[in-house]
Amino acid sequence: MVYDMIGDMVSEIKKLKMEKEAVVLAHNYQIGAVQDLADFVGDSLGLSYEARKTDKKMIVFCGVDFMAETAKIINPDKIVLLPNKYAQCPMAAMIDANSLTLFKKEHPDAAVVSYVNTTAEVKALSDVCCTSANAIKIVKEIPQEEVIFVPDVNLALYVQRFVKNKKIYPWPGYCYTHKGIKPDVIKELRNGYPDAPVVVHPECTPELIDIADKVSSTEGMIKYCRENDSHTFIIATETGMIHRLKKEIPDKDFIEIPNAICAAQKHVRLEDLYRSLVEEIYEVKIPDEIIDKARIPIDRMLEIGRGE
Ligand code: SF4
């Protein structure tokens, strides 16, 4: 009975997508059932590109608040929906426009590079955006020698390892999901899977990065696991990524990190996606002047393009 209800909901969602001329984008950390119904699944950069390319009238963004906001900034004339209003990234909330304005005064010669995990207001005060896939490339390519990097201190410290000729001033924000992955857990998993490379997201702490076999954005993880000769991989990022990896590389095994779960991403359930399409909620609204300003650093990022 329950399975029939889920099957009905899946059919209804497929039908509504057609009727409403909607494209459904899902981040790699979404639950498997939502990923399976999306037109595109990816990281925030890949989904930014899809948001820019789409000719659909409506974008339903199964992810968190800043991702849907980014899609709206890129597509101001389209309806952009976030299926659950509580899907809000705690890291993005760790810096606001006032704090960034004060930080900029402390470092007046520095360019502001903001991770896409920021609010539209913070983007509007930034020179260029980046994702974990292209952060090193972006910081290398901008002309300024001093860089304010917000909000993720761990990504900033990771980038600094590769850009020795520039001074990075990090904001002390962090992703609790990645910060919570401890070296002891990796050591324990390595005992069970001694031949498995450990693949680590750059939002993890420097201690974890030091013991990684590969540090990579989520899209980079797929490429690495596909091309590497190993059969089993320990994946140090949010557990939703395992669904995507298993689907794309079905002949290999992926070991998840216990409890590496982002509660914000898990707010979007099938029923939220269904209700979002029916009621056209929750529509992302951003003032025009913020859209105009926030679009500049996003466009700069999209011009510089993908990293590794
Ligand atoms: S995984 Fe971390 S950065 Fe991503 S949405 Fe969750 S809290 Fe934010």
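Within region 218-270, track down each residue that is open to solvent by less than 60 Å² (accessible area, probe 1.4 Å), farther than 16 Å from residue 185 by Cβ, touching a Lys or Arg at 6+ places or on another chain (Cβ under 9 Å) and more than 12 Å from the ligand (Cβ to nearest atom).
If the condition is that a residue be open to solvent by less than 60 Å² (accessible area, probe 1.4 Å), farther than 16 Å from residue 185 by Cβ, touching a Lys or Arg at 6+ places or on another chain (Cβ under 9 Å) and more than 12 Å from the ligand (Cβ to nearest atom), then 219, 220, 221, 222, 224, 225, 228, 230, 232, 245, 249, 252 are the ones that fit.
Testing residue 170 on (1) free of Cβ contacts under 8 Å to residues at least 60 places away in the same chain; (2) away from the ligand (no atom under 16 Å from the Cβ); (3) open to solvent by 40 Å² or more (accessible area, probe 1.4 Å); (4) out of contact with any Lys or Arg (no Cβ under 9 Å at 6 or more places or on another chain), one condition comes back false. Which one is that?
Evaluating residue 170 over (1) free of Cβ contacts under 8 Å to residues at least 60 places away in the same chain; (2) away from the ligand (no atom under 16 Å from the Cβ); (3) open to solvent by 40 Å² or more (accessible area, probe 1.4 Å); (4) out of contact with any Lys or Arg (no Cβ under 9 Å at 6 or more places or on another chain) leaves (2) as the failure.
Identify the single condition in (1) within 16 Å of the ligand (Cβ to nearest atom); (2) polar (S, T, N, Q); (3) farther than 20 Å from residue 299 by Cβ that residue 118 does not satisfy, given that it satisfies every other one.
The one condition residue 118 does not meet is (3).
Tell me the residue from 186, 148 that is over 24 Å from residue 46 (Cβ atoms), open to solvent by less than 10 Å² (accessible area, probe 1.4 Å), in contact with a Lys or Arg (Cβ under 8 Å, 6 or more places away or on another chain) and not in a loop (DSSP other than H, G, I, E, B), please.
Values: 186 fails: in contact with a Lys or Arg (Cβ under 8 Å, 6 or more places away or on another chain).
Selected residue: 148, the only one of 186, 148 that is over 24 Å from residue 46 (Cβ atoms), open to solvent by less than 10 Å² (accessible area, probe 1.4 Å), in contact with a Lys or Arg (Cβ under 8 Å, 6 or more places away or on another chain) and not in a loop (DSSP other than H, G, I, E, B).
Residues of region 83-103 being crowded, with 17+ Cβ neighbours inside 10 Å and more than 16 Å from the ligand (Cβ to nearest atom), which ones?
100, 103
Of the residues in region 151-167, how many are out of contact with any strand residue (DSSP E or B) (no Cβ under 7 Å at 6 or more places or on another chain), within 16 Å of the ligand (Cβ to nearest atom) and outside any helix (DSSP H, G or I)?
Residues in region 151-167 being out of contact with any strand residue (DSSP E or B) (no Cβ under 7 Å at 6 or more places or on another chain), within 16 Å of the ligand (Cβ to nearest atom) and outside any helix (DSSP H, G or I): 0 in total.
Restricting to region 26-76, give me the number of residues that are within 14 Å of the ligand (Cβ to nearest atom) and not in a helix (DSSP H, G or I). First the steps, then the outcome.
To start, the set of residues in region 26-76 that are within 14 Å of the ligand (Cβ to nearest atom) comprises 26-31, 42-45, 47, 61-70.
Applying the additional criterion that residues be not in a helix (DSSP H, G or I) yields 26-31, 42-43, 61-64.
The qualifying residues number 12.
Among the residues of region 229-236, is any among the small types (Gly, Ala, Ser) and out of contact with any Cys (no Cβ under 9 Å at 6 or more places or on another chain)?
Within region 229-236, the first condition is being among the small types (Gly, Ala, Ser), and the residues that meet it are 230, 236.
Add one more test, that the residue is out of contact with any Cys (no Cβ under 9 Å at 6 or more places or on another chain), and what stays is 230.
Yes, region 229-236 has at least one match.
Looking at 126, 132, which is the one that is in contact with a strand residue (DSSP E or B) (Cβ under 9 Å, 6 or more places away or on another chain), outside the structural domain of residue 203 (by TED's automatic domain parsing), within 13 Å of the ligand (Cβ to nearest atom) and not acidic (Asp, Glu)? Full working, then the answer.
Numbers: 126 fails: within 13 Å of the ligand (Cβ to nearest atom).
Unique residue meeting the criteria: 132.
The values are calculated or read from the model by the stated rules, or taken from the named source; none is laboratory data. Fair warning: this is a prediction, and the values are worked out from it, not measured in the lab. Note that we place each Cβ from the backbone using ideal geometry, even for glycine, and neighbour counts take in every protein chain shown. To get the accessible areas, we keep the full protein, side chains included, count just its heavy atoms, and leave off ligands, DNA and RNA. Shrake-Rupley method; radii C 1.70, N 1.55, O 1.52, S 1.80 Å.
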